[in-house]
Structure formats: structure tokens, C-alpha cells
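Q: My questions will all concern the structure given below.
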Amino acid sequence: MAKKTSLFEEHQRLSAKIVDFSGWAMPLHYGSQLEEHLAVRQGAGMFDVSHMTIVDLKGPEAAAFLRRLLANNIDRLPQGKALYSCMLNEQGGIIDDLIVYYLAPERYRLIVNAATREQDLAWIRDQARTFSLQVQECNDEALIAVQGPQARAAVHGLSAVVDHLGTVAELQPFTAVELEDMFISRTGYTGEDGYEIMLSADRAAGLWRELLKAGVQPAGLGARDTLRLEAGMALYGTDMDVGTLPMEAGLAWTVAWEPAGRSFIGRPALEDARREDTGLRRQIGLLLEVRGVLRGHQAVYAGDGQVGEITSGSFSPCLNQGIALAQVRGEVGGHCEVMVRGRRLPVRVVRPPFVRHGKPCYE
């Protein structure tokens, strides 16, 4: 039986279409995925992301452990700041992508994907055995993402935020603050501004209803996927997996090579791959130049030969055309083709994102 978040009854009350997502009963949409997508781009939308896995690390060697565990370097983090990183295996493959928050000296918080919960926790605990720290999963918390150009104003009006308005309003992108009974970060997965709010599960429904009353549109997994694709954000299990190196998923920027002496897991394999530079795939963006929709696993052609395949594809509501992320090998020019239902359709090669802050990046 699928697990339920503390907001499951709220989703039912709003007549959401519920689907199984990585063992969780989650809302796909509340009637119109398109309306939910546009609400986030033009106003404010909210997502129940309580299925995500929250892991707290505490102890004198928490920082040393993360220097070893993550490809990005947590030494870049001042207190209260967040960092996006990949967690790699010894072969340089991506076990998961995650966000790490520096809460206080000897205290860090990880937010990892729901679909990879078991493997992530097993890997983290195994790697932590030789370090002096505690690894604690947070099971009694809810997580609500409020996203869009009007999202911050909506959150600032919440009764639980009013007394802390100065602190919350001053948060910069990729920073977070711990309040008495909430954790608020200025992060998200839509390409829009907003907050992610963590609070006790028993208080989540009240906050959700207050946001709803303020005019924030509930949005499901469907809109979340098209929003992140327009923003050029990779999805674990779709655009990357344990067989993917960061530079093959457009995530070379998340690998911190300096200082040279930092021995993070997977570094030797990545150094070998970077030095040899043979057979590596690379991520590109695609814009369909005719009517249609691009989908995952469709073959990409340059000239007479197949050079790769789409990893994520959909119809972009903001561009009104098909878009995709693809992984290819070899040289691909400004245009190529994708096999769609037995026909090779023309696509334009671009650099993601496709949409930034609600505005198209390409005409």
C-alpha cells in the first residue's frame, strides 16, 4: 500500500487525481495540469513535497564527512546557506542529487529524492561509519513548496510567519532560516522564486489551507515536471542515474575540483574521464520546430546516424512547443532530428533553460 503524506486528505478534499509515485500516494493534478503550470509561472502555486527524504547530520566530523561524501564542496557554505550537489559512487556515477544546508556548527541537513530513499540512507550510513557524527532521518516533518512571482508575498502573509517577517523576507536565494517551529528555505524546483517550508506534520494542513485561502494554487506532480523541464532542471532516474557521470547530465558545474587535495568519493574516476574525454555523453536542449510532443527515449539523429536519445521531453506551455533534454555523443550542430512515431522531425539544439523567471529564453 502506498504511503500517504500528512496532506493526503487535503488533496482528496480538492478532488486531486492521486497516483503512486515511488511508493507514495501523490497528487498528479487537481483538474488541470496546464492551469497549475501557468499559475506557478504567473502567480503562485504550492506543492506537497513531503515525500522527499530529510536527513540531519550532527557531530564534530559532520563537515569532514560531507567533504568526502559530496562532489561539491561544503566549505563554500556560510551558515544558513544551501548547496546543490551530486552524491557519487566510486565509479563517478550519480547515486543521487541533493541539497545540503549548513544549519549551525556541526549541523547539516540533506534533502534527497523520495525514489532513492533506501539506497541513499544505506549509502550515507555506510560511508559515515568511520566518522564521528549522527545520521538522523526526519520522519515527522511535512514539506510544502510555494513557488511563483507572487509566492514570497503569499508566504509573508502567513500567520506563522508574520512575527518573523523581517528574517524571512531578507532571505537570499539558496539560503534558509530555522524559526521556532519551522524551517524555511528560499529554494525550489520550478525555475521561479519562492520558498520551501518544513514544519511538523500535524501543522501542515493548517498552513496548506491558509495558503489556499490566500489564493495560492495547489499544483501536482504533472505541473512540477513540466516546470522543472522548462527550467532545464534534471530529474533523477530520468536524466541521470548511477550510470551517469555529472558532466554527462549537464552537472559538471557541481563538481568542485579545488582544493586539489579534497578526496571526495568518485574523484579519481571523474579525473580519468575528464582526462581521456572519450565516449562521454553530453546534455543538450531541444526545441521541436514543428507541431508535436517530444518524449523520453526518442532517438536523436545527426545526419544519417543516431547520436543519442531524449531523456526528458514534454510540451512547454510557456513556449507552446515541444521541448526536451537529451544526451548525445559526438558533434551535433545547431539542428538535428528526433524520431517521433516513425518520422524524423526537425529540432533546434539549444542550451537549457528554456524558460527563466516566466520568460522564454528562445523565440
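Q: Go through the stretch 316-344 and count every residue that is hydrophobic (A, V, I, L, M, F, W, C), within 18 Å of V355 (Cβ to Cβ) and surrounded by fewer than 19 Cβ atoms within 10 Å (Cβ to Cβ). Give the derivation first.
A: Our first condition is that a residue be hydrophobic (A, V, I, L, M, F, W, C); within the stretch 316-344, this holds for 318-319, 323-326, 328, 332, 336, 338-340.
Next, from what is left, pick out any that are within 18 Å of V355 (Cβ to Cβ): 318-319, 323-326.
With the extra rule that they be surrounded by fewer than 19 Cβ atoms within 10 Å (Cβ to Cβ), the set shrinks to 319.
So the count comes out to 1.
Q: Among the strands (runs of 3 or more DSSP E) lying completely within the stretch 319-363, list those that include at least 1 residues that are on the phi < 0 side of the Ramachandran plot and in contact with a Ser or Thr (Cβ under 7 Å, 6 or more places away or on another chain).
A: The qualifying strands (runs of 3 or more DSSP E) are 321-328.
Q: Taking the conditions exactly as written (modelled with pLDDT of 95 or more, outside any helix (DSSP H, G or I) and more than 23 Å from Q172 (Cα to Cα)), does E35 satisfy them or not?
A: Here the answer is no, as E35 does not meet what is asked.
Q: Considering every residue within the stretch 210-222, establish whether at least one is free of Cβ contacts under 8 Å to residues at least 60 places away in the same chain, surrounded by fewer than 19 Cβ atoms within 10 Å (Cβ to Cβ) and in contact with a Ser or Thr (Cβ under 7 Å, 6 or more places away or on another chain).
A: Yes, that holds for at least one residue.
Q: Considering the stretch 33-46 alone, what residues qualify as being within 18 Å of L7 (Cβ to Cβ) and in contact with a Pro (Cβ under 8 Å, 6 or more places away or on another chain)?
A: E36, A44, G45, M46
Q: Say whether the condition of being part of a loop (DSSP other than H, G, I, E, B) and over 30 Å from P317 (Cα atoms) is met by at least one residue in the stretch 48-60.
A: Step one: of the stretch 48-60, the residues part of a loop (DSSP other than H, G, I, E, B) are 49-52, 59-60.
From the residues that got through so far, the ones that are over 30 Å from P317 (Cα atoms) too are 59-60.
Among the residues of the stretch 48-60, at least one is part of a loop (DSSP other than H, G, I, E, B) and over 30 Å from P317 (Cα atoms), which makes the answer yes.
Q: Follow-up question, since we're still on this one. It is to be established whether one or more residues within the stretch 73-84 are outside the structural domain of A269 (by TED's automatic domain parsing), under 18 Å from the mean Cα position of the chain (by Cα) and farther than 23 Å from V155 by Cα. Please lay out each step first, then the result.
A: Filtering the stretch 73-84 down to residues outside the structural domain of A269 (by TED's automatic domain parsing) leaves 73-84.
Adding the requirement that they be under 18 Å from the mean Cα position of the chain (by Cα) leaves 81-84.
From what is left, the residues that are farther than 23 Å from V155 by Cα are 84.
Looking for residues that are outside the structural domain of A269 (by TED's automatic domain parsing), under 18 Å from the mean Cα position of the chain (by Cα) and farther than 23 Å from V155 by Cα, one finds at least one in the stretch 73-84, hence yes.
Q: So R262 fits all but one of (1) in a strand (DSSP E or B); (2) in contact (Cβ under 8 Å) with a residue 60 or more places away in the chain; what number is the exception?
A: If we test R262 against (1) in a strand (DSSP E or B); (2) in contact (Cβ under 8 Å) with a residue 60 or more places away in the chain, just (1) comes out false.
Q: So which of G243, G250, G285, G296 is assigned to a loop (DSSP other than H, G, I, E, B), closer than 22 Å to V340 by Cα and touching a residue at least 40 places away in the same chain (Cβ under 8 Å)?
A: The unique qualifying residue is G296.
Q: How many residues does the stretch 254-273 hold that are in contact with a strand residue (DSSP E or B) (Cβ under 9 Å, 6 or more places away or on another chain) and either closer than 24 Å to A326 by Cα or not charged (D, E, K, R) (or both)?
A: Residues meeting the conditions: 8.
Q: Could you give every pair whose Cβ atoms fall below 9 Å, whose first residue belongs to the stretch 1-18 and is within 12 Å of R209 (Cβ to Cβ), and whose second residue is acidic (D, E) and part of a loop (DSSP other than H, G, I, E, B), counting only separations of at least 6 or pairs across chains?
A: No pair meets every condition.
Q: What are the residues in the stretch 36-60 that are more than 21 Å from the chain's Cα centre (by Cα) and over 20 Å from V112 (Cβ atoms), if any?
A: The one that is more than 21 Å from the chain's Cα centre (by Cα) and over 20 Å from V112 (Cβ atoms): P60.
Q: May I ask you to verify whether V177 is closer than 21 Å to K81 by Cα, assigned by TED's automatic domain parsing to the domain that holds A64 and within 16 Å of the chain's Cα centre (by Cα)?
A: Judged against the criteria, V177 is not a match.
Q: Mind listing whichever residues of the stretch 62-72 are surrounded by fewer than 21 Cβ atoms within 10 Å (Cβ to Cβ) and in contact with a helix residue (DSSP H, G or I) (Cβ under 9 Å, 6 or more places away or on another chain)?
A: A63, R67, R68
Q: Something else now. Of all residues in the stretch 111-134 being of a type in the set (A, V, I, L, M, F, W, C) and within 22 Å of the chain's Cα centre (by Cα), which is surrounded by the fewest Cβ atoms within 10 Å (Cβ to Cβ)?
A: This residue is A122.
Q: Is it the case, given these coordinates, that E90 is over 26 Å from A205 (Cα atoms), exposed (fewer than 15 other Cβ atoms within 10 Å of the Cβ) and without any contact (Cβ under 8 Å) to a residue 24 or more places away in the chain? Break it down into steps so the answer makes sense when it comes.
A: On the way: over 26 Å from A205 (Cα atoms): yes; exposed (fewer than 15 other Cβ atoms within 10 Å of the Cβ): yes; without any contact (Cβ under 8 Å) to a residue 24 or more places away in the chain: no.
In short, no.
The values are calculated or read from the model by the stated rules, or taken from the named source; none is laboratory data. Since the model is a prediction, treat every value here as computed from it, not as a measurement. Heads up, the Cβs are rebuilt from the backbone with ideal geometry, glycines too, and the neighbour counts pull from every protein chain shown.
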